[in-house]
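Below is one structure, written out as structure tokens; the observations come after it.
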Amino acid sequence: MTRQRRIKAGLRVLAVTAGLLGLAMPTMAQNAGPGGGEKIIDFRETMRALVQNISAYARSLKPGFIVIAEHGLDLVTKPDFQDNTLLFPARTFARSLDGVLEPELFPRLTPPSGKEAAKEAPALSAARAVLSTNVETAKSLGLTILDLEFATKPQDIDRAYAQASAKKYLPFVADTPILGRIPLYPKLAYNANPKSLDDLKQATNYIYIANAQGFGSTNDFIQALSYTNHDIVITNVFHGRNPLTKLDVERLKYKKLGARRLVLAEVDVSTVATYNFLWQPGWRMEDPAFVNVPLRDDPDRYRITYWDPAWHSLLYGGTASYLYGVMDLGFDGVVLKGVNGWRYFESGGEENQ
């Protein structure tokens, strides 16, 4: 059986097991519209539109501003509405991006061997085939694949970096999913690059620090990163409850060697926590309307009906928007978290994912 036929066979299984892994045909939902009417929501397409709008706004202010979608691979392709076993590139979505960041990409791409292969559910094999197709499509459209793996043993870390490099992915291997510290191994940035960067394509590695509070003060965090030679630093705009300053961001832009690197801000597009900057006094579930249910494993964080224009106006589009503030601080780009937020709504709820 050819590779194309295997993918088509896998997609037929997915059509039968609709929603099992969030990779079946897009689900349309009816929500009450203004005046009591009904409006149809394509959860995947509305997420694509949000990302595209964020990108267009940012690049209108700063051409070359970098936009990366975390968990964005599943939106890089669309099923053909006449033959849902066929996928075609979501070109407009891809053009709005510079790259996609995918956690634990290799465990999901690597098929089991021996007896385990015979036991694997057909839907999982099919999902792996779709993921592989999405990766290759993203690469063919010029997107950089940022691979985020987790390992603690030196031999496992070395293997993860080698696998990613062989596939020409941009790698980072963290020692904890918290993403709160600089890994002790390797001591130097993997495949360190002594040159200055002004473009994502020039990067050979990156580091992701989502929670910097473990470093101590903001200055301690900045100082610790100044001793590294990573080409890209991805971090939160806030250190605890205090935002980074323009000077902080400027200091992050230089490697230990003195060369210029890229600094990207983490921005969540589909959830908001009660302790976040965007959360306002008096907010609660369904007030405002875009505040949805709390996450099951994090009750202080709420899902957002991310297609709501009122939510969009907070994220981008004016000088009071979050994205404008990020750009004003001097960040070179953003990593959009929560791009897979469509899965919750398409599946009908967290318990069904």
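So the values come out like this:
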quantity: Across LYS119/LYS337; LYS39/LYS139; LYS78/LYS168; LYS115/LYS153, pairs whose alpha-carbon gap is larger than 29 Å; calculated: LYS119/LYS337; LYS39/LYS139
quantity: The chain, accessible area per residue, ligands and nucleic acids excluded (1.4 Å, Å²); calculated: 48
quantity: Sequence ranges 220-233, 154-167, ranked by mean other-Cβ count within 10 angstrom, highest first; calculated: 220-233, 154-167
quantity: Selection from GLY114, PRO79, VAL51, by position along the positive dipole direction of the stretch 30-127 (Cβ); calculated: VAL51
quantity: Partners for LYS195 among aspartates and glutamates (Cα-Cα distance below 18 Å; same-chain residues under 8 apart left out); calculated: ASP231, GLU250, ASP332
quantity: Sulfur and carbon atoms: percent of accessible area, the chain [1.4 Å]; calculated: 53
quantity: Among 105-111, 40-46, 279-285, the order from most to least packed when residues are scored by Cβ within 10 Å on average; calculated: 40-46, 105-111, 279-285
quantity: Peptide ranges 121-131, 316-326, 289-299 listed from the most packed, as the mean C-beta count within 10 angstrom indicates; calculated: 121-131, 316-326, 289-299
quantity: Between the stretch 40-103 and the stretch 268-314, the alpha-carbon center distance in angstrom; calculated: 22
quantity: Environment charge of GLY180, counting only residues whose C-beta is closer than 15 Å and scoring Lys/Arg +1, Asp/Glu -1; calculated: -2
quantity: Proximal charge balance of ILE157 [Cβ under 15 Å; K/R count +1, D/E count -1]; calculated: -2
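The values are calculated or read from the model by the stated rules, or taken from the named source; none is laboratory data. Please read these numbers as outputs of a predicted model, since none were measured by experiment. Note: ideal-geometry Cβ built from the backbone for every residue, glycine included; neighbour counts use all protein chains shown. Note: areas computed on protein heavy atoms with side chains; ligands, DNA, RNA excluded. Shrake-Rupley method; radii C 1.70, N 1.55, O 1.52, S 1.80 Å.
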